[in-house]
Amino acid sequence: MKVLLDLQYLNVATTGIKTYMVELAKAARKYPHPEVQWIFTHEPEEQVKDVKFKLPQSKLQRLNYHLDYFRWKEFQLPDLVKKHGVDVLICPDFVSPAASLACRRLTVIHDAFFWQIPQNYPSWWRKYFINLIKKGLKEKTHIVTTTEYSKNSLLQYLGSEWPITAIYQAPKGLKNASDPQFLAKNQLKASAYFIHIGTFDRRKNIPLLVQAFWGFLQRTQSQKKLVLAGGPGQSKLMNDFPTVLKLVEKLGLQGKVLVTGYLKDSEIKALYEKAFGYVFPSENEGFGIPILESMGFGVPVIHSNQPALLEVAGEAGLAFQTGSLEDLTQKLILLDQDNSLRKSLIQKGKDRAEDFSAKKFIDGFYQLILNPKSAE
């Protein structure tokens, strides 16, 4: 069974989708199946290093990227399918070719954000991208998504014409050594800071976290800090980065809230290893990889009670009412002051993280590749 994994999008992918694609490729190589021959369109590590279209600034650069992406999906990828005599094509970036193909398709649609929160996207781009998604849903297509929450959301917007299966993904391995100088350079002490890692997309609700952290400091006189790692949102409409910077200044949190930008894996690992807690205030998620990364490092998690985060965390996280400033502030105080609760969350988190292994991730795909009828 020849399986072609499309990894072209790694040249621009960030955070969640990047992790998904890289970890899927790693799992395929680490856990080969005797009945499956994997073919990668690109070497994942090399494609990640391609910076030609990363963070394009000009309209011309953005146009060139979209043209390059269209050429890949509609001409080059179908040619590869024919060249290799592929049985199954896996597209982990929402879009499969509109061209007719002889093979089966597994198309990963990570979430339903394009339908659920249209206000977060430029209208022309949203229409264009949804059109690309729908044109690729044809012939023998099976949709893969990240959680049961995402599955139910996609059923609402796409209907039941195409079978949809939720496969839990694996978090980033972070196997390499952490940067021993990173914490000292940023004046961070062990167990003396909360963290959030991810883009500053509006749905992440990071301004709420900054406000809650200010309230936490006011009520507890704590010396803890808040580290916000990640870069701007994916568009002007979605980007809360400037809002967060202004809020930090307005509340006088300079030196207490660190906005680091994107970090290397070694620096992220250093943050996780010594963090007091991870805070995930998002209004909408398809999965929530940082929950599992944190739990794997023994870092207790405070998260909104958004359905996907509840599903991934199980009962191992400390949930607060989505969007509630007071409830989030109270949960920060509770984690800071209740040591027995913190110890309990750490142990539950470590147990929960073990449920999301690379082996289980790739086995979910093998099930669909080799036994497509069983999941329909």
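The values are calculated or read from the model by the stated rules, or taken from the named source; none is laboratory data. Bear in mind the structure is a predicted one, so any value in this text is a computation, not a measurement. Please note: Cβ atoms are built from the backbone with ideal geometry, for glycine as well, and neighbour counts cover all protein chains shown. With ligands, DNA and RNA removed, areas are computed over all heavy atoms of the protein, side chains included. Shrake-Rupley method; radii C 1.70, N 1.55, O 1.52, S 1.80 Å.
Just a few scattered comments:
- For the range 135-168, filtering for residues that are modelled with pLDDT of 95 or more, open to solvent by 70 Å² or more (accessible area, probe 1.4 Å) and within 29 Å of A28 (Cα to Cα) leaves 4.
- Take the conditions (1) free of Cβ contacts under 8 Å to residues at least 12 places away in the same chain; (2) at positive phi; Q347 misses just one of them, which is (2).
- For Y121, the stated conditions do not hold, so it cannot be described as of a type outside the set (A, V, I, L, M, F, W, C), buried (at least 18 other Cβ atoms within 10 Å of the Cβ) and more than 23 Å from Q156 (Cα to Cα).
- Every residue from the range 348-359 that is open to solvent by 70 Å² or more (accessible area, probe 1.4 Å) and at pLDDT below 95: E354
- Of residues in the range 45-67 being under 22 Å from the mean Cα position of the chain (by Cα) and not in a helix (DSSP H, G or I), the one surrounded by the fewest Cβ atoms within 10 Å (Cβ to Cβ): V51
For every residue, the table says whether it meets (1) open to solvent by 50 Å² or more (accessible area, probe 1.4 Å); (2) in contact with a Gly (Cβ under 9 Å, 6 or more places away or on another chain); (3) farther than 29 Å from F114 by Cα.
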{"site": "G298", "(1), (2), (3)": "no, yes, yes"}
{"site": "A308", "(1), (2), (3)": "no, yes, no"}
{"site": "A316", "(1), (2), (3)": "no, yes, yes"}
{"site": "L325", "(1), (2), (3)": "yes, yes, no"}
{"site": "L334", "(1), (2), (3)": "yes, no, yes"}
{"site": "S340", "(1), (2), (3)": "yes, no, yes"}
{"site": "K343", "(1), (2), (3)": "yes, no, yes"}
{"site": "I346", "(1), (2), (3)": "no, yes, yes"}
{"site": "F361", "(1), (2), (3)": "no, no, no"}
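- Filtered residue count, the range 19-44, keeping only those that are open to solvent by less than 30 Å² (accessible area, probe 1.4 Å) and not in a helix (DSSP H, G or I): 3
- Cross-chain or 6+ apart pairs with Cβ under 8 Å, the range 1-18 first and outside any helix (DSSP H, G or I), then among the polar types (S, T, N, Q) and open to solvent by less than 10 Å² (accessible area, probe 1.4 Å): T14/T199
- Taking residues in the range 201-227 that are of a type in the set (K, R), and partners anywhere that are assigned to a helix (DSSP H, G or I), the pairs with Cβ atoms closer than 7 Å and at least 6 places apart or on different chains are R202/N120; R203/N120; R219/I333.
- Sole exception among (1) surrounded by fewer than 23 Cβ atoms within 10 Å (Cβ to Cβ); (2) under 20 Å from Q321 (Cα atoms); (3) not β-branched (V, I, T) for F280, by number: (1)
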